[in-house]
1. Please verify whether Ala57 is modelled with pLDDT of 95 or more, surrounded by 14 or more Cβ atoms within 10 Å (Cβ to Cβ) and part of a helix (DSSP H, G or I), treating the condition exactly as stated.
2. So is Glu43 of a type in the set (D, E, K, R) and at pLDDT 95 or above or not?
3. Report yes if Glu31 is assigned by TED's automatic domain parsing to the domain that holds Val89 and either under 15 Å from Lys97 (Cβ atoms) or touching a Ser or Thr at 6+ places or on another chain (Cβ under 7 Å) (or both), otherwise no.
4. Cβ-Cβ below 6 Å, separation at least six or inter-chain, first residue in segment 23-37 and in a helix (DSSP H, G or I), second among the β-branched types (Val, Ile, Thr) and surrounded by 15 or more Cβ atoms within 10 Å (Cβ to Cβ): which pairs?
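The values are calculated or read from the model by the stated rules, or taken from the named source; none is laboratory data. Since the model is a prediction, treat every value here as computed from it, not as a measurement. For neighbour counting, all protein chains shown are included, and Cβ atoms are generated from backbone atoms with ideal geometry for every residue, glycine included.
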Amino acid sequence: MEVIQGLDSLPEPPVELGRRGAELWQAVLTEHELRTDELRVLEDACREVDLIERMHAELQTAPLVVKGSMGQDVANPLVQELRQHRALVARLLGALKLSDEDGEDRDAQFRTDRARKAALTRWRGSA
């Protein structure tokens, strides 16, 4: 796939993005070059971030407990929605497989650390 940016110019954020979405767009593209398909995933993540901000702001003045369909106390549905949208942002950004500052994939680092710990445990067990 084609990488659509060079060192001199970053793709402009979509016009409709809010402040937090535009900040995420800028932060990711300052550090990483993305293909066209990856830009679409980033755009979706940025829109989700903006939606989360709006829901979070709404929840600040809303009660955390509301009446359910049978009159029972239930958690405000915004709480569950926020959790789901935050998880979606994490999945979208995870799908981009962005490397950290050292250029190493975070998942690869986690696997390496886990393998190192397992090897040390085996080594100490056999001594």
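1. no
2. Here the answer is yes, as Glu43 does meet what is asked.
3. Yes, satisfied.
4. Matching pairs, first to second residue: Leu24/Val49.
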